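Okay, structure first, notes after.
The values are calculated or read from the model by the stated rules, or taken from the named source; none is laboratory data. Keep in mind that this is a model prediction, so the values were computed, not measured. Cβ atoms come from the backbone with ideal geometry, glycine included; neighbour counts cover every protein chain shown.
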Amino acid sequence: MRLSRLLACAALGCLAAPAFAETVYLTADRFVDPAAGKTIRNAAFVIEDGKVTARGTKTTLRQPDGANVIEFGSGSTLMPGFIDMHVHLTGDPTDGPYYSLSLSDERKALKGAKNARLTLLAGFTTVRNVGADSYGDVALRDSINAGEVPGPRMYVSGPPVGIIGGHCSDNNLLPEEYHSTGEGVATGPWEYRAKVRENIKYGVDLIKTCSTGGVFSKGTALGAAQGTLEELTAAADEAHARGLKIASHAHGTVGIKNAILAGIDTIEHASILDDEAIQMAKDHDVWLSMDIYNTEYTLAEGEKNGVLEESLEKERSISKIQRASFTKAVKAGVKMVFGSDAGVYPHGMNGNQFSRMVQFGMTPMQALQAATVNAADALGKAGEVGCVEAGCHADFVAVKGDPLADMGLLADVDFVMKDGAVYKQGGAPNGNAL
């Protein structure tokens with residue numbers, strides 16, 4: 001691999017600029033194309049101003065004069081940059097629930113900058129951040145876009161919208177005398193609409209709600225529905241009227257079905273799926289985002305991190321059920337995207353989920369599609385991210401070896417390019433990632 005100009009830039013201490021203005025000629029003896037569902041030999045790409053401008057092979061696509069050349073030989077595999085549809089960049093799993101109460105919104109946003117860098121270096125060039133206090137994810141997105149800190153391209157939800165005492169919208173840890181309620185709490189369809197409008201006012205890219213309880217919220221049950229069908233429908237209608245998509249956290253079957261009937265675009269977790277819920281997801285063209293790796297970290301490290309015993313017990317009760325639901329959904333042909341729930345486990349470990357997706361039913365190509373073309377489609381960004389055609393953002397990752405033979409390789413990528421700028425090479429961050 002030859003990186004002459006990019007290495008020179010790193011030596012000069014270049015910062016996290018959104019993209020290089022130079023022309024790059026990128027070639028690979030082995031390129032996995034998720035859109036085509038096959039491996040392409042001797043692939044070649046021309047990159048200008050952070051976008052792919054031409055695609056072909058080494059024999060059909062001429063190297064532009066003066067282009068910086070990046071070459072990957074037969075020992076490596078090149079792929080499009082990955083997309084994680086469910087992260088919480090402003091949260092850390094080692095911050096226990098009560099310790100987290102001591103953290104200011106500003107501190108959480110600064111943690112987000114650290115975690116954004118780790119996520120990018122893991123090969124995830126685009127993420128969907130589904131839940132952050134006080135619009136910290138909006139601020140982080142804008143800082144990354146301005147080139148102030150390195151990180152993935154972010155689509156953000158801001159504070160989730162949901163019921164009093166619910167999983168994603170309220171603060172259930174403090175006793176009554178504090179009179180503390182979450183900033184996303186709403187009661188009734190019109191309040192749900194008002195909270196959606198408020199989030200849009202402050203710059204979100206999508207809306208997040210919850211239609212069941214959750215593992216990490218005190219006093220909520222995984223199978224219990226949250227939000228009425230009328231409330232969820234109001235949130236979805238308001239989001240769609242403003243051109244935004246909406247995601248719903250949903251573990252339990254009733255809450256999953258309510259979210260689907262309400263017009264929610266993506267179901268997060270989708271842990272307890274019966275045959276009717278699976279068919280409803282197919283009939284309504286809904287995407288499932290199922291985090292089937294993080295349970296391993298939670299059960300191994302949660303107690304040490306201060307996770308409540310109530311939460312650990314809920315995790316024990318749901319992990320095998322969720323993985324069985326994942327297998328059923330894959331076999332049934334439900335549309336699925338990659339969503340890790342990073343923040344529940346350490347950022348930068350997102351790629352560990354790929355091997356579990358294969359272990360529990362997907363082919364390696366299906367898992368890669370979930371993290372590229374499928375995720376882009378679910379985001380409403382097909383043709384922009386998760387792709388390598390002319391006009392796509394120049395996002396690429398590479399590993400040593402063949403990931404279709406060993407998906408574990410994707411847990412530690414060797415090369416990361418976002419918008420034509422290289423952030424990791426030879427397995428190490430370069431100057432752009434500082």
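One table, with the values for the structure above:
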{"item": "Residue satisfying condition, being over 17 Å from F415 (Cα atoms), in the same structural domain as A370 (by TED's automatic domain parsing) and among the hydroxyl-bearing types (S, T, Y), within set T90, T119, T60, T125", "result": "T90"}
{"item": "Only listed residue being at positive phi, of a type outside the set (V, I, T) and touching a Pro at 6+ places or on another chain (Cβ under 9 Å), chosen from G343, G391, G361", "result": "G343"}
{"item": "Selected residue (only one of S340, S319 is modelled with pLDDT of 95 or more and in contact with a His (Cβ under 9 Å, 6 or more places away or on another chain))", "result": "S340"}
{"item": "Check on N374, modelled with pLDDT under 95 and not aliphatic (A, V, I, L, M)", "result": "no"}
{"item": "Flag for G123 being at pLDDT 95 or above, surrounded by 16 or more Cβ atoms within 10 Å (Cβ to Cβ), farther than 30 Å from G184 by Cα and under 15 Å from the mean Cα position of the chain (by Cα)", "result": "yes"}
{"item": "Filter result for T27 (assigned to a loop (DSSP other than H, G, I, E, B), polar (S, T, N, Q), out of contact with any Cys (no Cβ under 9 Å at 6 or more places or on another chain) and over 30 Å from A342 (Cβ atoms))", "result": "no"}
{"item": "Hey, A382 surrounded by fewer than 24 Cβ atoms within 10 Å (Cβ to Cβ), without any contact (Cβ under 8 Å) to a residue 24 or more places away in the chain, among the small types (G, A, S) and within 21 Å of A54 (Cα to Cα) or not", "result": "yes"}
{"item": "Checking F326 against (1) closer than 21 Å to R128 by Cα; (2) outside the structural domain of Y293 (by TED's automatic domain parsing); (3) over 16 Å from the mean Cα position of the chain (by Cα), the condition it does not meet", "result": "(2)"}
{"item": "Unmet requirement for L299, which otherwise passes all of (1) closer than 27 Å to T125 by Cβ; (2) without any contact (Cβ under 8 Å) to a residue 40 or more places away in the chain; (3) in contact with an Asp or Glu (Cβ under 9 Å, 6 or more places away or on another chain)", "result": "(1)"}
{"item": "Answer from E191, E198, E231 - the residue that is assigned by TED's automatic domain parsing to the domain that holds S100, under 23 Å from Y135 (Cβ atoms), modelled with pLDDT of 95 or more and surrounded by 24 or more Cβ atoms within 10 Å (Cβ to Cβ)", "result": "E231"}
{"item": "Hey, K208 crowded, with 24+ Cβ neighbours inside 10 Å and not β-branched (V, I, T) or not", "result": "yes"}
{"item": "Out of H269, H284, sole residue that is assigned by TED's automatic domain parsing to the domain that holds Q226 and farther than 19 Å from H86 by Cβ", "result": "H284"}
{"item": "Residue count for the stretch 381-398, restricted to those that are in a loop (DSSP other than H, G, I, E, B), in contact with a strand residue (DSSP E or B) (Cβ under 8 Å, 6 or more places away or on another chain) and among the hydrophobic types (A, V, I, L, M, F, W, C)", "result": "6"}
{"item": "Single unsatisfied condition, H393 versus (1) within 18 Å of the chain's Cα centre (by Cα); (2) crowded, with 18+ Cβ neighbours inside 10 Å; (3) over 24 Å from G147 (Cα atoms); (4) in contact (Cβ under 8 Å) with a residue 60 or more places away in the chain", "result": "(3)"}
{"item": "Those helices (runs of 4 or more DSSP H) lying entirely in the stretch 79-193 with at least 2 residues under 27 Å from V337 (Cβ atoms)", "result": "105-121, 136-145"}
{"item": "Residue tally, condition under 21 Å from L222 (Cα atoms) and over 24 Å from the mean Cα position of the chain (by Cα), over the stretch 281-291", "result": "0"}
{"item": "Cβ-Cβ under 6 Å pairs, at least 6 apart or on other chains, the stretch 308-334 side among the polar types (S, T, N, Q), far side part of a helix (DSSP H, G or I)", "result": "S319/T295"}
{"item": "The one condition in (1) touching a strand residue (DSSP E or B) at 6+ places or on another chain (Cβ under 8 Å); (2) at pLDDT 95 or above; (3) of a type in the set (A, V, I, L, M) that A433 fails to fulfil", "result": "(2)"}
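Residues are listed down the side, and each one gets a yes or a no for (1) surrounded by fewer than 21 Cβ atoms within 10 Å (Cβ to Cβ); (2) out of contact with any strand residue (DSSP E or B) (no Cβ under 7 Å at 6 or more places or on another chain):
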| position | (1), (2) |
| --- | --- |
| H249 | no, no |
| K257 | no, yes |
| D285 | yes, yes |
| L299 | yes, yes |
| G306 | yes, yes |
| L312 | yes, yes |
